[in-house]
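Asks: Here's a structure for you.
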Amino acid sequence: MEIIQAIEKIVGPDRVSDSECVCLSYAYNAILGKDVVRKPDIVVMPKTAEEISEIIKLANEYKVPITPKGVTGTSGHGGCLRGGILLDLTLMDKILLIDPVNMKTVAEAGCSFFKLSHELFKEGLMLPTAPYGPGPNVAASAILPVNAFGETKYGANINLVEGFEVVLPSGEIIRVGSMAYADFDFGPYYRYITGPDLVGLFTKMNGALGIVTKIAYRCLKRSEKWGFHTYYWPMDKIEELTKAVLGLTAAEIFDVHLNDRWSWNMIESVTLPDDCYFLMQIILNADNDLELAGREQTMRTICESNAGSYLPGFAEDFYTRWPTHFMFMEMVAPPRKSLPAKLPRRYMIMFDELIFPTSRLPEIYTKMMELCKKHGLWGFPQFSAFSGFPMNAQTISGHSWTPLDDTDPDVMKHFYECQAEFREWFGKKGGTYQQRLPPAAPDYVWTNQMGAFKLIRSIKELLDPNDILSPGTFELFEQEEA
Amino acid sequence: MKELRKTYLQDFRDSWTLCAHCGTCNARGPVIPHNWKELPPPEWTSPYHRCPSFEHFNFRTYNAQGRGILAMRVFDDKDFPLSDDLMKAVYTCTSCGVCSDICKATDPLTAIWALREELVRRGAELPEPLGKIHRNIDQTNNMFGSAKPVKMEGVPTEGEDIYFAGCNARFTQPKVIQAVLKTLKAAGIEAAYLGEEEKCCGFIPGHDGQTDLLEQQAMRNIETLKEAGCKRLIVSCAHCYKAFTVDYPMIVGELPFQVVHYAELLSQLIKEKKVSFTKRIEKKVTYHDPCFLGRHCGVYDAPREVLSAIPGLELAEMERNRRWSYCCGSGAKISGICYPEFGNAVTKERLQEGMQAADHVVTACTTCVSQMSRVARNEKMDVEIDDISTLAAEAMGIELP
């Protein structure tokens, strides 16, 4: 029997397809300018963990790769690296629990953050580390952590995850962390249950060790009061800017978003002061007016004692306007009309989702600038716009995006050379990535931690001897290409 | 001048490569959760199900995101196979426009229309019965290929005010023609009706990729209407309205006459106290916003103003209304005709939603009326469906055959 017929017996004929068009339409990821995913051979839309379990057993029998996909965040593989079966989890989108007293929620893997946040708000709760874009589903964001506002105070989204239900490569359905207790009287109330933290095993793994089907989150009280402010710095004050970011992060400010002026230069409606080079948009949260005033005073003291100038009206407008920044493409497209017509609107990520110590920001930014200048990719109108998310633990997750003509081989040659030179330098420094694994990230994210990589490979081989779950996820691609 | 109506994949390539695949255009659930300060205002609290073909087929292939990806594949590969699967993915789009209303950055629907034009340029065989409809329009000036439209005795065939009935009304809904002409006459407007001389507006070919035929029909209509002395064209089909107000100006520039939808005109006449609803209609009705009148042309209030002015009539809204209105199943007269099982399922869902609000669905588009009436009849659904004109006539005490 053909595998597709066997899958049809599990999910019925309407939720499986091997049509060329259907499969092609899933061959995308959310990484601007990078096509690292491959076309699946079969797309299946399961509705339950039990269906997934049966499909995994079949995949083992037929030795066919199997990869999960939710609605994407703005990054991550989000698809097959080796073809095979793609599980589209978007029909698994039920909210299973909202417990406002114990501040917990459980949802199926395909539930979107927007859907979940919308319901949590009604109960006075929030998931503060909401990622970019409306669609990222709760599990995809955990298995490939995404950039998110609120990270300055609360850290990465995964810090709020307390439990998973996972279908293992054998087809066995298990629950880890708080989800292990989900059906008991106390419910899913604590992540660090007896034994080592197995929730961590299933994060940032692109479905390679198991397919997450349910996820438990620790929620936070939805703050009553919010403040939105912008400060800016001239280019020669990057050291002071860095001190301000460190200070704001230490003060547990809700969110700091850092840009250079190139990001905003593209938007027709934005006019910046001449001496504004770096912008910091700050979101504050508090339970009452008094606390908010105190936080605002802290923010002012930190920014102004470190050469920051206040820019009124900017963040206030940006963050409170509908649609919000979640639809950030609305903000950057179409680009400023005054851009030369020949400058194409194709964006590519040059320096991608880098994680580095906040204290090293001047060094990192200077290196980016130096390399971009060398390759003719710096300055207006050809530029590379930097966007940084300062996170707690005094780190920054940053990236840059560059509009360029990707049909010009010379431009692309410089783009890739610039990127490669930076990667080599950054990798030697010990830099890493927030949300990507090879091949979307360079191999140094593994080679810099060879011991851990070998352990992950061993676990993978143990759990998945046929290498059917998201094959390609834990591999060294540069060696393979060589 | 003609090139103005053309759309090319090239025009969308940049915006589609910019697409971050955030999924807003198709994701189920609310579009925006919050801006931390407050819950979304009502206009942003979108319904859970929005894209009809995605809801029906479930695979991403059948939403704006999937079609955009296919469009770029076609653009990049001049030998891309024009398979039945591709045609199904592209032509099951209902053109309802909800995706483009959400994401103005990439405007997915216009890109899908550009993809259809590209497929036509590459010689793709369009799903049936589009070829037959094109021949009918070309040869008989109506989509049905029928010889004789409804005749209206005693109605002028030329004048400054001309009623453009559209194919559906001209051949299948004489009651609507009577209602429009008689209500307008009662309000002091003696509108002409061209009958056999009226030409199909060309909406279907204009939106299935055969834009040359739309241009041909635009020229034919404008010439005929000019000859008939038209100063103001009154339209009661949402598709014709979109063709005249959005598409034709892209072909010929400013039209030599004003175009108004019947509901807009009636609403204006009510405000001017030229219409008097003398008969109470003790009914609860719900209004279905036609995609091409609402989302595509921004006419939401006028039909509601008309219905609200009818004494005794209670207007109840469906869950998905105004900008979030759901397709009637006709799918721009394309997906519903080419994929009737899909179209009928959408219609059934929409009618069931309507029946949650009222047992009488009123709309302002003869195509929607035609589609919903047929499915309600076939599915034995206990719901009345009317064009707004017939309800207005009843309220004015005008008897219709």
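The values are calculated or read from the model by the stated rules, or taken from the named source; none is laboratory data. Since the structure is predicted, the reported quantities are computational estimates derived from the model, not experimental observations. We place every Cβ from the backbone using ideal geometry, glycine too, and count neighbours over all the protein chains shown. Heavy atoms of the whole protein, side chains included, go into the accessibility calculation; ligands, DNA and RNA do not. Shrake-Rupley method; radii C 1.70, N 1.55, O 1.52, S 1.80 Å.
Asks: Within 10 Å of each Cβ in peptide B:104-112, how many partner chain Cβ atoms are there on average? Round it to a whole number, please.
Replies: Mean partner-chain Cβ count within 10 Å for B:104-112: 2.
Asks: Related question: Of all beta bridges DSSP finds with both residues in the protein assembly as shown, what is the antiparallel percent, to the nearest 5?
Replies: Working: 61 of 90 bridges.
Rounded to the nearest five, the antiparallel share is 70 percent.
Asks: Taking the Cα atoms only, what angle lies between the long axis of helix A:409-429 and the longest principal axis of chain A, rounded to 10 degrees?
Replies: Helix A:409-429 sits roughly 90 degrees off the main axis of chain A.
Asks: Okay, moving on. Angle, helix A:361-374 long axis vs. longest principal axis of chain A, Cα atoms, 0 to 90°, nearest 10?
Replies: 90
Asks: Treat every Asp and Glu Cβ in the protein assembly as shown as -1 and every Lys and Arg Cβ as +1, leave all other atoms uncharged, and give the resulting dipole magnitude about the Cα centre to the nearest 20 debye.
Replies: For this selection, approximately 620 debye.
Asks: Can you compute the charge dipole magnitude of region A:3-90 about its Cα centre, using +1 on each Lys and Arg Cβ and -1 on each Asp and Glu Cβ, nothing else charged? Give it in debye, rounded to the nearest 20.
Replies: Values: 10 positive and 11 negative charges, 62 e Å.
Roughly 300 debye for region A:3-90.
Asks: What aspartates and glutamates does residue B:148 reach when the alpha-carbon gap must be under 14 Å and sequence neighbours fewer than 8 apart in one chain are set aside?
Replies: Within the straight-line cut-off, residue B:148 pairs with B:196, B:197, B:198.
Asks: Can you tell me the Rg and Dmax of chain B, counting just the alpha carbons, in angstroms?
Replies: Expressed in Å, the Cα Rg and Dmax of chain B come to 20.7, 64.
Asks: Please work out the Cα convex hull volume for region A:342-437 and give it in Å³ per residue. It would help to have the intermediate numbers written out before the result.
Replies: Details: hull volume 9.5 nm³, N = 96.
For region A:342-437, the hull spanned by Cα atoms encloses 99 Å³ per residue.
Asks: Averaged over peptide A:9-21, how many Cβ atoms belonging to another chain are found within 10 Å of each residue's Cβ?
Replies: Numbers: counts 0, 0, 0, 0, 0, 4, 2, 1, 5, 0, 8, 4, 17.
Mean partner shielding for this stretch: 3.
Asks: Give the peptides B:215-227, A:402-414 in descending order of average Cβ contacts within 10 Å, highest first. Display every interim value, and only then the final one.
Replies: On the way: B:215-227: 18.8, A:402-414: 15.7.
Put in order of decreasing packing, that is B:215-227, A:402-414.
Asks: Work out the mean other chain Cβ neighbour count within 10 Å for the residues of B:78-86 and drop it here as an integer.
Replies: Whole-number average of other-chain Cβ neighbours for B:78-86 is 2.
Asks: If DNA, RNA and ligands are ignored and the probe is 1.4 Å, what is the ranking of B:11, A:99, A:197 by accessible area, most exposed first?
Replies: The ordering from most to least exposed comes out as B:11, A:197, A:99.
Asks: Tell me the net charge near residue A:139. Cut-off is 10 Å between Cβ atoms, residue A:139 excluded, with +1 for each Lys or Arg and -1 for each Asp or Glu.
Replies: Neighbourhood net charge equals -1.
Asks: Between region B:260-278 and region A:85-121, what's the alpha-carbon centroid distance in Å?
Replies: First find each Cα centre; the distance between them is then 48 Å.
Asks: Could you give me D for region B:199-276, from Stokes-Einstein at 20 °C and 1.002 mPa s, where the hydrodynamic radius is the Kirkwood radius over C-alpha pairs? Units µm² s⁻¹, please.
Replies: Numbers: Rh = 13.2 Å.
Approximately 163 µm²/s, per Stokes-Einstein.
Asks: Beta carbons within 10 angstrom, averaged per residue: use that to sort the peptides A:84-93, A:39-48, B:68-77, highest first.
Replies: A:84-93, A:39-48, B:68-77
Asks: What angle do you read, to the nearest 10 degrees and between 0 and 90, between the alpha-carbon axis of helix A:450-463 and the longest principal axis of chain A?
Replies: Compared with the principal axis, the helix lies near 30 degrees.
Asks: Whole-Å semi-axes of chain A's equivalent ellipsoid, largest first, each the root of 5 times a Cα gyration tensor eigenvalue?
Replies: 37, 28, 20
Asks: Compare the peptides A:428-440, A:53-65, B:87-99 by average per-residue count of other Cβ atoms within 10 angstrom and give them in order, highest first.
Replies: Values: A:428-440: 20.8, A:53-65: 19.0, B:87-99: 25.2.
The peptides rank, most packed first, as B:87-99, A:428-440, A:53-65.
Asks: Which of the chymotrypsin sites (Phe, Trp or Tyr not before Pro) found in region B:235-280 are loop residues per DSSP with 10 or fewer other Cβ atoms within 10 Å of their Cβ?
Replies: In loop regions of region B:235-280 (DSSP not H, G, I, E or B), there are no sparsely surrounded chymotrypsin sites (Phe, Trp or Tyr not before Pro).
Asks: A further question follows. How much length would be gained if the chain were fully extended between residue A:429 and residue A:366, taking 0.36 nm per residue of separation minus their Cα-Cα distance, in nm to one decimal?
Replies: Using 0.36 nm per residue and subtracting the Cα-Cα distance, I get 21.2 nm.
Asks: Which entries in the list A:9/A:47; A:69/A:115; B:151/B:271; B:283/B:348 go over 20 Å, if you measure between the two C-alpha atoms of each?
Replies: B:151/B:271; B:283/B:348
Asks: Just to confirm the filter: which GluC sites (Glu not before Pro) across region B:310-346 are DSSP coil and have at most 16 other Cβ within 10 angstrom of their Cβ?
Replies: Working: sites: B:314, B:317, B:319, B:341; in loops: B:317, B:319.
The qualifying sites are B:317, B:319.
Asks: Just to be sure I understand: if I project the alpha-carbon convex hull of the protein assembly as shown onto a plane and average over all orientations, what area do I get in nm²?
Replies: Values: hull surface 155.1 nm².
Reported value for the Cα convex hull: 38.8 nm².
Asks: Farthest toward the dipole's positive end in chain B, which of B:258, B:236, B:392, given Cβ charges of +1 (Lys, Arg) and -1 (Asp, Glu) about the Cα centre?
Replies: Positive-most Cα among the choices belongs to B:392.
Asks: Oh, and also: Can you list residues whose amide H is under 5 Å from residue B:314's amide H, if they're 5+ apart or on another chain and H is modeled 1.01 Å from N?
Replies: Result for residue B:314 returns B:283, B:284, B:285.
Asks: Using the crude model of +1 on Lys and Arg Cβ and -1 on Asp and Glu Cβ, and no other charge, please compute the dipole size for region B:343-400 relative to its Cα centre, in debye to 20.
Replies: 280
Asks: Next question. In cubic angstrom, how much convex hull volume per residue do the alpha carbon atoms of region A:92-221 span?
Replies: Taking the convex hull of the Cα positions in region A:92-221, it is 99 Å³ per residue.
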